[in-house]
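First the structure, in the form of structure tokens, and then the observations on it.
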Amino acid sequence: MNLDQRSERSLLALLAAVQFTTVLDFLIVLPLGPQYMEVMHIGPSQFGLIVSSYAVSAGISGIAAGFFLDYFDRKRALLWLFAGFMLGTLYCALAQGYHSLVLARALAGAFGGVTGALVLAMIGDAVPEERRGAAMGLVMSAFSVASIGGVPCGLYLARLWSWHAPFFVLAGLSAAILVVAAWLLPPMRDHLQHAQETHPVARVWAVWMQRDHQMAFIFMAVLTCAGALIFPYIATYMVANTGMTQMQVPFIYLAGGLCTFVSMNWIGRWADRAGKPRVFWIMSACATVPILLFTHLHRVPFLAGIAVTTLLMICMSGRFVPAMAMVTASVKARYRGGFMSANSSVQQFSMGLATYLSGRIMGQTAQGELTHFPLIGVFSILCTIAGISLSRFLRPAVEAQPVPAVAVWVE
């Protein structure tokens, strides 16, 4: 797409708003872990299932979406998927117990995961590669905004009323963004010029079977596992093991969100200047330090705990900005929608598996403290190191150049 600077910024702002709601829908569940475990009388493994049900459902729907996503206008596809996500979030608000909440999270994930993948595909279509790192940093800073404002507000609503309240508010916000998106989003159909060249099954086969795509999928799986092993249990671990109170939990996400809002945008611009692979390697190497520190925390002062979790969020999110720009560049535009949907499935399956496995590895003492967390930290560091090695196999896709017209003299 050839967008002027103002239109490009407007598009990115709207995509960031969509990304904000999908991120917050997933993120708000994590700090509610202690409340779920208390109200529903469940343990870490059952809470892990609440988290992983969203991810596994998103993975399955992402595979299904790969068959048709590149055959529709990006705008129309986004509106339908986002509407489904809004209804899934409303169902979460209406859930009455553990089993109904697991089912509701699965429904929200079925639409939310593909919505997030489509947002990244739209960035790849609309933003040139030389500015894509900064664009990814802007849209992915939705995580930071969700952490700064969304999570503390959601936790306040949960304490004021119940854990249902944040989902009611989020469903209403999603409805408002859906109306604005229907009005302002431009049609995005450039990818459709290649849509009829191959059968949907052949297209999906091409997406999954290309070696460069497979390396990108493996890379993203490892990268996702490194974070998913520990991130869903940050609030639970800090409350159970470090002495932090539930009233102090919002400060984890407030401090982390404020810092990552600045760091992700700065890292995106840094990646465009210094090279995305180099920045990814540096941020991944730096991430091993806060992983080690966090998974060995015990009773520490409140500010020390906040400092460690904030550093962890900065380094872990900082890997994803150049990583997503590298992955997006590794696929041709004609396959980008299906590829990003498949990539979302890989991420979601990896997240669900890692969350579930770490929940199974963990135990609880009679005092409620979580056990075996240092072992989970070792697995996370191993995944981080593996991601550095695998990133060397990512190569930018070479788009076919149009054949210039040749004048032929006819006598």
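The values are calculated or read from the model by the stated rules, or taken from the named source; none is laboratory data. Owing to the predicted nature of the structure, the values given are computational and were not obtained by experimental measurement. Positions of Cβ are backbone-derived with ideal geometry, glycine not excepted, and every protein chain shown enters the neighbour counts. Protein only, heavy atoms only, side chains kept; ligands, DNA and RNA dropped before computing areas. Shrake-Rupley method; radii C 1.70, N 1.55, O 1.52, S 1.80 Å.
General remarks:
- Stokes-Einstein D in µm²/s, Kirkwood radius over Cα pairs - the chain at 37 °C with 0.692 mPa s viscosity: 153 µm²/s
- Shape category assigned to the stretch 60-160 from the gyration tensor of Cα positions, a/c cut at 1.5: oblate
- Value of D in µm² per second that Stokes-Einstein yields for the stretch 279-384, Kirkwood Rh from Cα pairs, at 20 °C (1.002 mPa s): 135 µm²/s
- The residues of the stretch 43-89 present an accessible area of 33 Å² per residue when probed at 1.4 Å with all protein chains retained.
- In a simple Cβ point-charge model (Lys, Arg +1; Asp, Glu -1; nothing else charged), the chain has a dipole of about 340 debye relative to its Cα centre.
- The fraction of accessible area contributed by carbon and sulfur in the chain is 69 percent, rounded to a whole number (1.4 Å probe; ligands and nucleic acids excluded).
- Degrees between helix 200-209 axis and first principal axis of the chain (Cα, 0 to 90, nearest 10): 70 degrees
- Each helix, a run of at least 4 DSSP H residues, gives -39500 (n - 2.57); summed and divided by the residues of the chain, these come to -24500 deg cm²/dmol at 222 nm.
- Among 74, 334, 299: highest mean-square fluctuation, GNM of the chain, C-alpha pairs under 10 Å: 299
- In the elastic network of the chain, a GNM with C-alpha springs shorter than 10 Å, the most mobile of 378, 56, 207 is 378.
- For the stretch 183-332, size of Cβ-based charge dipole, Lys and Arg +1, Asp and Glu -1, in debye: 180 debye
- Residue 213 sits with roughly 0 Å² accessible to a 1.4 Å probe, with DNA, RNA and ligands left out of the calculation.
- Whole-Hz ³J(HN,Hα) from phi, Karplus 6.51 cos²θ - 1.76 cosθ + 1.60, for the stretch 74-91, glycine and proline x: 4, 4, 4, 4, 5, 5, 5, 5, 5, 5, x, 4, 4, 5, x, 5, 4, 5
- Estimated distance in nm for a label pair at residue 183 and residue 164, the labels positioned 7 Å out from Cα along Cα-to-Cβ: 3.1 nm
- Within the listed set 43, 109, 368, the Gaussian network model of the chain (springs between alpha-carbon atoms below 10 Å) gives the highest mean-square fluctuation for 368.
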